[in-house]
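Report on the following structure.
The values are calculated or read from the model by the stated rules, or taken from the named source; none is laboratory data. As the structure is a computational prediction, the values presented were derived from the model and not from experiment. When we count neighbours, we look across all protein chains shown, and the Cβ atoms used for this are built from the backbone with ideal geometry, even at glycine. What goes into the accessible areas is simple: the full protein's heavy atoms, side chains included, and nothing from ligands, DNA or RNA. Shrake-Rupley method; radii C 1.70, N 1.55, O 1.52, S 1.80 Å.
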Amino acid sequence: MTRPDAHWILGPGALGRLIGLRLASGAAPSTRVTLIGRRRLPSEQTLVSPRGETLCARVDAATLETLPAMSPAMVHLTTKAYVAEAAHAALAPHLPAGTPLVLWQNGFGCQPRLSQRHDGPVLCATTTEGAYLEDNLEDKVASDTRVVHAGRGETLIGALNGRHVEIAGELATKLTAAGLPARAVTDIRQRLWQKLAVNAAINPRAARFGIRNGQLRDRPFRPMVESIIAEVAEILAAEGIDPPGAGGNERAEESQKDGGLEGWRTLVWRVVEGTAGNRASMLQDVMAGRPTEHDAILGPLLAAAQAHTLTAPRLAELANWLQARELAGSADSC
Ligand code: KPL
């Protein structure tokens, strides 16, 4: 009998369940998925595809107290960035040495630290797949059984130290076969920073003003986003992060002339356009009264600004606002 290819998903929110249900239903039959949460979720789960089709999948569900006896082939950490390290610390003692770990967090905070700390290969993933948990109609509480795959995207996977190319390639193949197009890359650090730059330009402003991404195109928000992009571009140039589209051709050289500003502008406005109807994840967190990922997204930019003696007044103002909101425990201060 083939040994099951066991994937543990720690943090079964929308992204975790999307990955888990896709792997459980679309990868090889030997794939076995366990969703590990604070509560044990129902085993029967439903995924609503971007075309509105429903797909039923059976997964194992567990808590840290009821982990499966069989060790995992791979662990996916899909918690929010601000709890990733605590979640890893709680699970790590239950894992055999050498278990591969995949970090799916936004920003660039926990990734370098966990890459050092984890006893096994560590991959980082960045994805533009969109997913949310459907609300129960009666009580408006996020569903325990239904996740909506709202928008198709792409997933990039790689290790910060450039190693584990084979594991990254195998995972990318599995995810692609399961309906989540993925690629192994050797420059995941650049890719994580690029996603962070997009999130920094969109999420805090959308959260601050309680608007959907598309509204950022209009006045008075557009110039505010432009000034954030300018701050981000300057910091990333100092940090040695390539602007999107850089790669040695003529257009890339053109886009480098202004310190990459044009490349960052093009990327951010393209994402705003493509996600015009979305509520940014940070706005969703603010509306739900949850902490936001501002530390993981704005924190590394502000730290880099400080290291390069640059000022970033707009980023600092947004970080202060998000921080103050959390300290005040307020969900509706926007
Ligand atoms: O990643 C996102 C997020 O909301 O966190 C974007 C790309 C901004 C889409 O909303």
Revision key, fill the gap. Diffing segment 79-93: the Karplus 3J(HN,Hα) column from phi (6.51, -1.76, 1.60, θ = phi - 60°), in whole Hz with x for Gly and Pro, holds 6, 4, 4, 6, 10, 4, 5, 5, 5, 5, 4, 6, 8, 3, x
Exercise for review: Figure the gain on full extension for Ser30 and Gln323 (residue separation times 0.36 nm, minus the Cα-Cα span) and round it to one decimal in nm.
Suggested key: 101.0 nm
Check your understanding: Out of residues 5 or more away from Glu154 or on other chains, whose amide H comes under 5 Å of its own, with H placed 1.01 Å from N in the peptide plane?
Key -> Thr128, Glu129
Check your understanding: Can you pull the percent of segment 128-203's accessible area that's carbon plus sulfur, 1.4 Å probe, other chains left in place?
Key -> 51
Practice item. From the P(r) of segment 191-333, can you give the percent of Cα pairs sitting at distances over 27 Å? Key: 19
Point to revise | Cβ-placed point charges (K, R +1; D, E -1), dipole of segment 6-186 about Cα centre in debye, nearest 20 | key: 220
Practice item. Take the Cα radius of gyration of segment 1-131 and divide it by 2.2 N^0.38 Å, with N its residue count; two decimals is plenty. Key: 1.01
Practice item. Identify the GluC sites (Glu not before Pro) of segment 109-185 meeting these criteria: DSSP loop state and at most 12 other C-beta atoms within 10 Å of the C-beta. Key: Glu138
Check your understanding: To the nearest 20 debye, what charge dipole does the chain have about its Cα centre, counting +1 at the Cβ of each Lys and Arg and -1 at the Cβ of each Asp and Glu?
Key -> 420
Practice item. Compare Gly107, Gly263, Gly274 in a GNM of the chain, Cα atoms joined below 10 Å, and give the one with the largest fluctuation. Key: Gly274
Exercise for review: Sort out for me the Cα centre separation of segment 75-126 from segment 12-36, rounded to whole Å.
Suggested key: 18
Point to revise | Residue-wise HN-Hα coupling along segment 31-46, computed from phi with Karplus coefficients 6.51, -1.76, 1.60 (Hz; x: Gly, Pro) | key: 6, 10, 10, 10, 8, 10, x, 5, 10, 7, 7, x, 6, 7, 10, 10
Revision key, fill the gap. Probe 1.4 Å, heavy atoms of protein chains only: per residue, the accessible area of segment 6-186 in Å² is 45
**Study point:** Surface per residue (accessible, 1.4 Å probe) for segment 191-333, Å²
**Key:** 47
Review point. Within segment 1-110, which GluC sites (Glu not before Pro) sit in a loop by DSSP and count at most 14 neighbouring Cβ atoms inside 10 Å?
Key: Glu53
Exercise for review: Take every DSSP beta bridge whose two residues both sit in segment 6-186, then give the antiparallel share in percent to the nearest 5.
Suggested key: 35
Study note, to complete from the structure: In degrees rounded to 10, the 0-90 angle between helix 221-239 Cα long axis and the longest Cα principal axis of the chain is 80
Revision key, fill the gap. Among Phe209, Gln306, Leu318, the residue whose Cα sits farthest towards the positive end of the charge dipole of segment 191-333, when +1 is placed on the Cβ of each Lys and Arg and -1 on the Cβ of each Asp and Glu, is Phe209
Check your understanding: How high is the relative contact order of the chain, in percent, counting Cα pairs under 8 Å that sit 6 or more residues apart?
Key -> 14
Study note, to complete from the structure: The farthest towards the positive end of the charge dipole of the chain, of the residues Pro4, Pro96, Thr275, given +1 on Cβ of Lys and Arg and -1 on Cβ of Asp and Glu, is Pro4
Point to revise | Alpha carbon Rg of the chain, scaled by the compact-globule rule 2.2 N^0.38 Å | key: 0.99
